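The values are calculated or read from the model by the stated rules, or taken from the named source; none is laboratory data. All figures in this text were calculated on a predicted structure; none of them were measured in a lab. In this analysis, Cβ positions are derived from the backbone assuming ideal geometry, glycine residues included, and neighbour counts consider all displayed protein chains.
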Amino acid sequence: MNDRTHALSTPHAPAVKKKANSRGFSLAKLLLEGRAFFALLLIIVVFSFLSPNYFESANFLTMASHVAIFGLPAIGMLLVILNGGIDLSVGSTLGLTGVFAGFLMQGVNLQAFGVILYFPVWAVVILTLTLGAIVGLINGVLIAIFRVPAFVATLGSLYVARGIALLMTNGLTYNKLSGEAALGNTGFDWLGFNRIFTIPIGVLTLLVIALACGFLLSRTAFGRWLYASGGNERAADLSGVPVKKVKIAVYVLSGVCAAIAGLVLSSQLTSAGPTAGTTYELTAIAAVVIGGAALTGGRGNVRGTLLGAFVIGFLSDGLVIIGVSAYWQTVFTGAVIVLAVLLNTLQYGRRSK
């Protein structure tokens, strides 16, 4: 009887073990896929303990304003990476468009006609966004039509855009871009300093762009085409997806996002310098990777990228608040990026097996 009971109970042991393993795997999967959220939560808790003023509402909004500057290029970078590409020119595009906005705000001197042409702020914004779109269009055409590798094409654009910004300013900075100092133009500082319901305009701009891109990716045919072409470009092409048009479009959108960031940054500083946005392309890539997107394309979302941007921004500002050296800040940020890439490898490597 005991043997029979043992025989009947034995088959159930593997099932219990399998169930326990399944629970462990589910927890590990939850932590892995939600790593950006948990990392942000950990950063907030740790720095709130180290500095009581860290998470006060005023400081939080200030940090969020900083996040908006590189969160905007990060969203554009996400679209490019989802397509299986890379855009190394976003930092230089940010700098160029900021300088271009400053150039227009100072007034364009038409010496041949003896007049200075002034632009209203709304015209400055439209023309600046157009310039960002043109830079992205050039990248997209080089990559999609002429088949120049994305790394090479956007690296070239990085240098060209930065060089043009330096030539436009002769290495100097356009200062005092708001109020009477801007030669009659007023309102340019609206993006940088105004608030709606205590929330800075730059932060609201980031949220609006994030919602728009989230809708684009999840609710439109373009979003389906983007994921399909990023996952397997050859298969997407054979399925009727306009692969080249999608590729050009994502680079145009990336350029526009960088231009918006350039406007917000110049407005916050009320000045525009040719070196603005240096290394922001790396920060944008880091935010996308921390947010869980696959660098090989086809996997990722706006929510994760937004969280990744907040992770980097809150970590950097937290280190500043507690007085950590700028050199160590670079070390910590680099370590976070390496860890994020490692976790991405574990996550997507496991799925591919």
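Would it be correct to say that ARG303 is among the basic types (Lys, Arg), closer than 28 Å to VAL203 by Cβ and surrounded by 18 or more Cβ atoms within 10 Å (Cβ to Cβ)? Walk me through how you get there before you give the answer.
Values: among the basic types (Lys, Arg): yes; closer than 28 Å to VAL203 by Cβ: yes; surrounded by 18 or more Cβ atoms within 10 Å (Cβ to Cβ): no.
Answer is no for this residue.
Output the residues belonging to region 265-289 that are touching a strand residue (DSSP E or B) at 6+ places or on another chain (Cβ under 7 Å) and either farther than 13 Å from ALA68 by Cα or of a type in the set (D, E, K, R) (or both). Correct list: SER271, ALA272. Counting residues in region 188-199 that are of a type in the set (Val, Ile, Thr) and closer than 24 Å to LEU88 by Cβ gives zero.
Within region 257-284, take every residue that is surrounded by fewer than 24 Cβ atoms within 10 Å (Cβ to Cβ) and of a type outside the set (S, T, N, Q) and give me the one that is nearest to GLY140 (Cα to Cα). The extreme case among them is LEU282. The lone criterion from (1) touching a Leu at 6+ places or on another chain (Cβ under 9 Å); (2) surrounded by fewer than 20 Cβ atoms within 10 Å (Cβ to Cβ) left unmet by LEU226 is number (2). Close contacts from region 178-200, counting a first residue that is more than 12 Å from PRO120 (Cα to Cα) and among the basic types (Lys, Arg) and a second that is modelled with pLDDT under 85 and part of a helix (DSSP H, G or I), with Cβ to Cβ under 8 Å and a gap of 6+ residues or different chains, come to none at all. For region 188-210, the set of residues classified as part of a helix (DSSP H, G or I), surrounded by fewer than 19 Cβ atoms within 10 Å (Cβ to Cβ) and among the aliphatic types (A, V, I, L, M) consists of LEU204, LEU207, VAL208, listed by residue number.
All conditions in (1) within 30 Å of ILE126 (Cβ to Cβ); (2) surrounded by fewer than 24 Cβ atoms within 10 Å (Cβ to Cβ); (3) among the charged types (D, E, K, R) hold for LYS247, with the sole exception of (2).
For region 336-353, check the following and say yes or no: at least one residue is part of a helix (DSSP H, G or I), surrounded by fewer than 16 Cβ atoms within 10 Å (Cβ to Cβ) and charged (D, E, K, R).
The initial filter retains those residues of region 336-353 that are part of a helix (DSSP H, G or I), namely 336-352.
From what's left, surrounded by fewer than 16 Cβ atoms within 10 Å (Cβ to Cβ): 338-339, 341-342, 345-346, 349-352.
Imposing the further condition that a residue be charged (D, E, K, R) reduces the set to 350-351.
Checking region 336-353: at least one residue is part of a helix (DSSP H, G or I), surrounded by fewer than 16 Cβ atoms within 10 Å (Cβ to Cβ) and charged (D, E, K, R).
If you go through region 231-247 and keep only what is under 21 Å from the mean Cα position of the chain (by Cα) and at pLDDT below 95, you end up with just GLY231.
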